[in-house]
Amino acid sequence: MDALIPDTDVVRTAVDLACRAPSVHNSQPWRWRYYAGRLDLFADSDRLLTSADPRGRQLFISCGAALDHLTVAMTSLRWRTRVELLPDPATPRLIASIRFSHDARPQSHDFDLLAAIRRRRTDRTAFRPLPGNPLLPELLRTAAASDATVTVLGEDARPALAAATELSSAVRRYDASYQAELHWWAGHQFESEGIPETALASRSERERVPVGRAFPSPHTTAPADAGPVDESTVLLLSTPGDSPTDWIRCGQALSRVSLEATVQRLATCPLTHLTDIEASRDRIRALAPGTGVPQLLLRVGTATHPAPLNSTPRRPVAQVLTFG
């Protein structure tokens, strides 16, 4: 055991928590390597969604979210992180290199965020409105630390968001490659990846969320009165540019905003399909001119179902983390 660098058990614990981060279609497109006190995060290009995400934008956002989850975990374990993004131009899959110092002084809120990692879920059903508390200013402040801009889209943006959703769906509706990829990742009972049927909204539930992605419907059916129409608050996450660094920063902001919302016992659902297609992305851009490049939307609100959602599967740490 070396007091100057984390031992393998600490790293294994932190990476296990980091891998609870949200990722596109729960593809978990990351790999980690720890050697001599340095932890490297790599993009797993074998998990690139070639139809939905040919540029790798969502892959990098997913890795950015895992990177922030790791920072939260290590802080609670009393290790401060020093992160260098894209440190080697010759190795474009190397997302970040992280070094550590044993001088972190976690506060009570850091442990709240740590607990939120285990509790956070992507909820694709309709939400009730946010309660009356000062949550939104806190979320905006949190995201600013990641060089991302979070904009609250008001009720007047709903028609434009619904139109952008319909436009995105229309473009993809007869895209055979996209549909095959979507049905591969969503609705199967995979042991350690993908979106299980229990995490998908039924058709009647989906119709109550006008801005949701058109995932396959589960085989189980919900009653016709599945709940109210979605009244969530929609947040837009934007970045100064549209480079891999910007995508990583967006993922870090997504992680922190989602965890802060989970601490407040709120439900969240990230939406990337509205920024996949350039035409729908332009419509989103018009809702918040001057805020940068739209990267994703995040629905935040009060859950409408009484019981916590089931956890989605994750790959074992041994599959994604190597030593030496």
### Task
Determine, yes or no, whether LEU77 is at pLDDT 95 or above, farther than 30 Å from GLY187 by Cβ and open to solvent by 10 Å² or more (accessible area, probe 1.4 Å).
yes
### Task
Mind listing whichever residues of the stretch 183-208 are in contact with a Leu (Cβ under 9 Å, 6 or more places away or on another chain) and either assigned to a loop (DSSP other than H, G, I, E, B) or surrounded by 19 or more Cβ atoms within 10 Å (Cβ to Cβ) (or both)?
TRP185, ALA186, GLY187, ALA199, ARG206
### Message
Given (1) among the hydroxyl-bearing types (Ser, Thr, Tyr); (2) modelled with pLDDT under 90; (3) in contact with a Gly (Cβ under 7 Å, 6 or more places away or on another chain), identify the lone condition not met by THR220.
### Response
(3)
### Query
Taking ARG249, is it at pLDDT 85 or above, crowded, with 18+ Cβ neighbours inside 10 Å and touching a strand residue (DSSP E or B) at 6+ places or on another chain (Cβ under 8 Å)?
yes
### Task
Could you tell me whether the stretch 229-241 includes any residue that is hydrophobic (A, V, I, L, M, F, W, C), surrounded by fewer than 16 Cβ atoms within 10 Å (Cβ to Cβ), more than 27 Å from ARG93 (Cβ to Cβ) and in contact with a Lys or Arg (Cβ under 6 Å, 6 or more places away or on another chain)?
yes
### Query
In this structure, does SER23 turn out to be polar (S, T, N, Q), crowded, with 22+ Cβ neighbours inside 10 Å and within 19 Å of the chain's Cα centre (by Cα)?
yes
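The values are calculated or read from the model by the stated rules, or taken from the named source; none is laboratory data. Note that the structure is predicted; figures quoted are calculated from it, not measured. Because the Cβ atoms are built from the backbone with ideal geometry, glycine has one as well, and the counts that use them run over all protein chains shown. Calculation scope for accessible area: heavy atoms of the full protein, side chains included, ligands and nucleic acids excluded. Shrake-Rupley method; radii C 1.70, N 1.55, O 1.52, S 1.80 Å.
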